[in-house]
1. If each residue's Cβ is checked for other Cβ atoms within 10 Å, how do 323, 554, 574 rank with the fewest at the top?
2. Which whole-number percentage describes the relative contact order of the chain, with Cα contacts under 8 Å and a sequence gap of 6 or more?
3. What is the Cα centroid distance between the range 621-666 and the range 219-236, reported in whole angstrom?
4. Using all Cα-Cα distances in the chain, what percent lands in each 20 angstrom bin from 0 up to the longest?
5. Multiply the residue separation of residue 328 and residue 270 by 0.36 nm, subtract the distance between their alpha-carbon atoms, and state the gained length in nm to one decimal.
6. Quick check on the range 400-468: take the gyration tensor over C-alpha atoms, sort the square-rooted eigenvalues as a ≥ b ≥ c, and tell me if it's rounded (a/c under 1.5), prolate or oblate.
7. So for each of 237-246, 455-464 I average, over its residues, the number of other beta carbons within 10 Å; can you give me the resulting order with the highest mean first?
8. Can you sort 90, 216 by how many other beta carbons sit within 10 Å, fewest first?
């Protein structure tokens, strides 16, 4: 009887497989790496989330009293979670033989299974966990089928052939199917651990040939060039005392003893499970190699950057007494007036800059109104960038193209205006005159718990190849206090909010979001509200969006690990938030896109967000009137320790969510 993804293979097997999502590992093909390419086997600088999906061999490998892999990984800065029999939606954890892997990654329910796996924080095997959960999803996927999967029928040199039997040809075909999914997810590192050997000598030559193909030929035959797929030859390590897959002097080695193709480290004469000696040998070889592969993968994520971050600098302030260069005459902008703010060629922004990252604030407005920000010389857009209710200070982030080296601000009501510059855009970002992509006021509001789908790629002048978009999202006349969450369609609804509002208010926030299924972004409403979505530009490269993830939350009720202990950021205090090297942000990242929220403040005040290690800027990133929840998007460079710092002028709880990162310059 033939099988298919989602069913068990025709041959009865005892299953014991491991699928490990590690904070990042990559192994290139080849037995020995050149001495000039010595690897770094030091542990990651920041905690990395790792999930290990397995059955009995994986459990023994993790076990403190057997293989000791769990404690070894913890000692190397990995936060380990694991699955076991019966785990997951539809008990997918039961199905971990080679023919089952397409069900996990490319089958009809793959999105459900991988979402659950990436979010897993549970422990299902006896190993010691040390350290707090650093937060965010698991970042790397490592999977391993158990020793019955080394009984592959066929011939050693069989080519890939479609099917779900345990044969050499079918096994090659199965792994080839997975590369399409892996290639679509460079933000994860997928690590294949070869199946351990067994005592069925009639299949030993086939097992050796298949695992050698997996290590040396699988990716090259498929012209797979991304650095997010790795292979660890668990099989070879367990076939004899002189067979290894490890680093020696920083060089990856893979010696094989001819004729040693069976299970050398057996638990008993009638049990092919690896014994403690074999499991500990594998641990000793695997962990340093994992560290080296982590650093290789991280380095592969560093490329051209769309953002050159700066310490925030005030470039315009219309208030009397301000020392900002613009405007020359310090007076509020009157209703219907436009302020031109020259930027290119000043403050380190080159004349060639195409766009800038700004924080715009309305101060002391005489009534409700809005600001519209656009490239000078262009037409006045119909879309607003910031809405203000009156005299309350309101800020919003804006990523905007430059016209004749300047941006222009139009106000619909008399108000003072403050403009802070925090970076400029190089290659990879394309600005556009703001275009309205969605407005539910003409139809019906987004109800509580509903999701609005907004196609953007391939529409409104945004090409279908765009990887991310810059939006201004506005909640209008909500029925009560609540929030919106913006995310790439097709991904799980994040727990991180993008915009917070009170009932009846009009509140806007800038958003950098990845483009999801169908070229669309999705907006989830925590409370019924009309929603407006305006598009300000797109990224073709140079920005890597991530599913919004909460990296810090000071509230006492928060389950987020950082910071500890939970307490408000006091007036005049600074919260340091480590980001690089975790949450899907590589240690080589130059800058991040974050959404920062002040909640439960003791009074009116502001937050200033900046790279840790740099001087406290004079420019605010977010203004709040008191206990009201207020959020704002911030693009900021990463400072000392890969961290961003948040200074509070007034005591308040602070929430920080990451939505993407910018690579270092090439």
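None of the figures in this text is laboratory data; all of them are computed from the coordinates on show. Keep in mind the model is a prediction, meaning the values are calculated, not measured. Cβ atoms come from the backbone with ideal geometry, glycine included; neighbour counts cover every protein chain shown.
1. Numbers: 323 8, 554 23, 574 15.
The most exposed by this proxy come first: 323, 574, 554.
2. Values: 1966 pairs, mean separation 82.9, N = 666.
RCO, the chain: 12 percent.
3. Using only Cα atoms to place each centre, the spacing works out to 38 Å.
4. 19, 47, 26, 8, 0
5. On the way: separation 58, 0.36 × 58 = 20.88 nm, distance 8.77 nm.
The span from residue 328 to residue 270 would gain 12.1 nm if fully extended.
6. Details: a/c = 2.32, a/b = 1.27, b/c = 1.83.
Note, shape of the range 400-468 comes out oblate.
7. Details: 237-246: 20.7, 455-464: 16.4.
Descending packing order for the listed peptides: 237-246, 455-464.
8. Details: 90 13, 216 17.
Ranking 90, 216 by Cβ neighbours within 10 Å, fewest first, gives 90, 216.
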